[in-house]
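Below is one structure; the comments refer to it alone.
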Amino acid sequence: MARMVLKLASLAAATSGIYLYGNKFLDPNDFGVVRVGRAIATTAVITYDYLTSLRSVPYGSEEYDFLKSQVHLRSAERLRELCCANRGTFIKVGQHLGALDYLLPEEYTRTLKVLHSQAPQSTRQEIEQVIREDLGKEIKELFLSFEDTPLGAASLAQVHKAVLQDGRTVAVKIQHPKVQAQSSKDILLMEVLLLVVKQIFPDFEFMWLVEEAKKNLPLELDFLNEGRNAEKVAHMLKNFDFLKVPRIYWELSTRRVLLMEFMEGGQVNDRAYMERNGINVNEISRNLGRLYSEMIFVNGFVHCDPHPGNVLVKKCPASGKAHIILLDHGLYQVLSESFRMDYCCLWQALIKADMKRVQKYSRRLGAGDLYPLFACMLTARSWESVNRGIDRLPVSASEDVEIRSNAAAYLPQITRLLNNVPRQMLLLLKTNDLLRGIESALHTRASASSFLNMSRCCIRAVSTYQRSKSHSLYRSAQISLTEALSLWQINLYELFLWLKGSQLGNWVIALLSWMHHST
């Protein structure tokens, strides 16, 4: 079997080489034998490790589970080293995997998370080259000052603080110079290697990862598209006065350079920063949930990279209000109307613990007979909690451990599900996991208010859709009345929860109890 792995690895190298030389759109010299060889060697070593380390151990035994965890960890570390070495697209894909906290084994997500802080940095000379090629001027001609050390570096670009000639302070996002040329070839290489691995492990269903990268990377590499996304979401959510989106300076922006208004603050998962600056943690968590519920359920236009570096918080000195600053608008998911309605109805069923509708809408979204697993993946709750109602009790430590353990135990079924659900679902699952990571850091996960906000958005979205399909004034009025009553019920329930948790509520309960005993 080991010989077969090495033969297949050689075949992969030969196949990719033949394909690249035969494709007039690709220049094989850009790949570099070291870059390709490193990826093939890492894949072969990981495959060999899985094949040999677990071969003679009884499946399901404690020893098997222990050894499997060790293989997961070794493989994740090798994958991380490959991503850091090959950079660019490899780091982007590794970051995506690291964000799937409740869908992949913990050994992988924990190991790959560090890629958010280990992204490469371009040199000053490379930065100058990109600005010169795209804007036709030198840095000193455009800026009064330009900080050499980037504010942050990501897989595809890095951001520098600068001051324009007119005195405006800006953030300058500059694409790494080699990413554009390498991205399509990196994706091709990954596709070939994943196809080879699937021949050895038929249950290995990760082609969805390559398909997503193929679709999303060209969009993320076009900074003009990112600027348009930023303006669209700012307009779409203009009613949320706590949301701040940096203004785009179009006159100095290109496909590889993006100039934005400079905004700063603490990361959204930094509870200590919020406490030091008098920012209400629960309010931030609640408002972040409102933003994403509005994007997902009502508008169907979703910012899909809310990792802590892209979501900042800051207290406004003048008003005393806490603002949420949303950065990095390169990756958005546009949801079709039919998908959005099914997703709304599924979440309404999950919140109400209506299992018949959970099954119905999970199947409509491609889950098939794996709908219980799908419900657990969406909510990051156990099947028992889903049946009881996910808004009834917060997530316990033991339940969180159970969910993470199940991610390893049900990996083949999870990957099969990810291969079957609509492509729109994949980025939503990643977004869900990133938001849960923020809530966990703030200790606000699965609060009742977050489910109430989701319910409001789902009701509004479904009612708006039903009215658009209605052809009579009577039916439209009926839908509007049902919507108003449903929202009123939620407001009443929210008032009840507030009274229950407040000092006033405790006094009322004590008074009622005293009156009851007196009579």
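The values are calculated or read from the model by the stated rules, or taken from the named source; none is laboratory data. Since the model is a prediction, treat every value here as computed from it, not as a measurement. With ideal geometry, Cβ positions are generated from the backbone for all residues, glycine too; neighbour counts draw on all protein chains shown. Protein only, heavy atoms only, side chains kept; ligands, DNA and RNA dropped before computing areas. Shrake-Rupley method; radii C 1.70, N 1.55, O 1.52, S 1.80 Å.
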**Q.** Residue pairs meeting the criteria (Cβ under 8 Å; at least 6 apart or on separate chains; first farther than 15 Å from LEU82 by Cα, in region 28-51; second part of a helix (DSSP H, G or I) and modelled with pLDDT of 90 or more)
**A.** ASP49/VAL71; ASP49/ARG74; ASP49/SER75; TYR50/VAL71; TYR50/SER75
(Q) Are there helices (runs of 4 or more DSSP H) fully within region 391-464 with at least 1 residues that are among the aliphatic types (A, V, I, L, M) and more than 15 Å from LEU104 (Cα to Cα)? List them. (A) 397-409, 423-442
**Q.** Single unsatisfied condition, LYS352 versus (1) under 22 Å from TYR465 (Cα atoms); (2) touching a residue at least 40 places away in the same chain (Cβ under 8 Å); (3) of a type in the set (D, E, K, R)
**A.** (2)
(Q) Consider region 338-377. How many of its residues are out of contact with any Phe, Trp or Tyr (no Cβ under 8 Å at 6 or more places or on another chain), aliphatic (A, V, I, L, M) and under 22 Å from SER405 (Cβ atoms)? (A) 2
Q. Taking into account only those residues within region 92-109 that are over 15 Å from the mean Cα position of the chain (by Cα) and within 18 Å of LYS430 (Cβ to Cβ), which is surrounded by the fewest Cβ atoms within 10 Å (Cβ to Cβ)?
A. GLU106
Q: Please tell me if LEU258 is surrounded by 21 or more Cβ atoms within 10 Å (Cβ to Cβ) and outside any helix (DSSP H, G or I).
A: yes
(Q) Being within 16 Å of TRP208 (Cβ to Cβ) and either of a type in the set (A, V, I, L, M, F, W, C) or surrounded by fewer than 16 Cβ atoms within 10 Å (Cβ to Cβ) (or both) is true for just one of VAL395, VAL421, VAL401. Which residue is that? (A) VAL421
Q) Pairs, please: C-beta under 7 Å, at least 6 apart or cross-chain, first residue under 24 Å from LYS137 (Cα atoms) and small (Gly, Ala, Ser) and in region 242-268, second open to solvent by less than 60 Å² (accessible area, probe 1.4 Å) and not in a loop (DSSP other than H, G, I, E, B)? A) SER253/PHE223; SER253/LEU224; SER253/GLY227; SER253/LEU259
Q: For region 106-152, name all the residues that are farther than 24 Å from LYS92 by Cα and among the hydrophobic types (A, V, I, L, M, F, W, C).
A: LEU135, ILE139, LEU142, PHE143, LEU144, PHE146
Q: Give region 158-201 a look and list any residue that's crowded, with 18+ Cβ neighbours inside 10 Å and assigned to a loop (DSSP other than H, G, I, E, B), or say none.
A: HIS176
Q | Filtered residues of region 319-341 (kept if open to solvent by less than 20 Å² (accessible area, probe 1.4 Å), aliphatic (A, V, I, L, M) and outside any helix (DSSP H, G or I)) | A | ALA322, ILE324, ILE325, LEU326, LEU331, LEU335
Q: Scan region 421-448 for residues that are out of contact with any Leu (no Cβ under 8 Å at 6 or more places or on another chain) and not aliphatic (A, V, I, L, M) and jot them down.
A: ARG423, THR431, ARG436, GLY437, GLU439, SER440, HIS443, THR444, ARG445, SER447
**Q.** Hey, PRO412 closer than 28 Å to GLY94 by Cα and surrounded by fewer than 16 Cβ atoms within 10 Å (Cβ to Cβ) or not
**A.** yes
**Q.** Which numbered condition GLU126 misses (of (1) part of a helix (DSSP H, G or I); (2) touching a Leu at 6+ places or on another chain (Cβ under 9 Å))
**A.** (2)
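Yes/no matrix, rows are residues, columns are (1) in a helix (DSSP H, G or I); (2) surrounded by fewer than 19 Cβ atoms within 10 Å (Cβ to Cβ):
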position	(1), (2)
ASN282	yes, yes
SER285	yes, no
GLY289	yes, no
PHE297	yes, no
VAL313	no, no
PRO317	no, yes
CYS344	yes, no
Q: Take region 217-237 and flag every residue that is modelled with pLDDT under 95 and either on the phi > 0 side of the Ramachandran plot or open to solvent by 10 Å² or more (accessible area, probe 1.4 Å) (or both).
A: PRO218, LEU219, GLU220
Q: State which residue is modelled with the highest pLDDT when the search covers only region 351-386 and only residues that are open to solvent by less than 30 Å² (accessible area, probe 1.4 Å) and of a type in the set (S, T, N, Q).
A: SER362
Q: Among what's in region 461-481 and is open to solvent by 50 Å² or more (accessible area, probe 1.4 Å) and touching a helix residue (DSSP H, G or I) at 6+ places or on another chain (Cβ under 6 Å), pick the residue that is nearest to VAL298 (Cα to Cα).
A: TYR465
**Q.** Residues of region 138-157 satisfying the condition of being buried (at least 17 other Cβ atoms within 10 Å of the Cβ), aliphatic (A, V, I, L, M) and not in a loop (DSSP other than H, G, I, E, B)
**A.** ILE139, LEU142, ALA153, ALA157
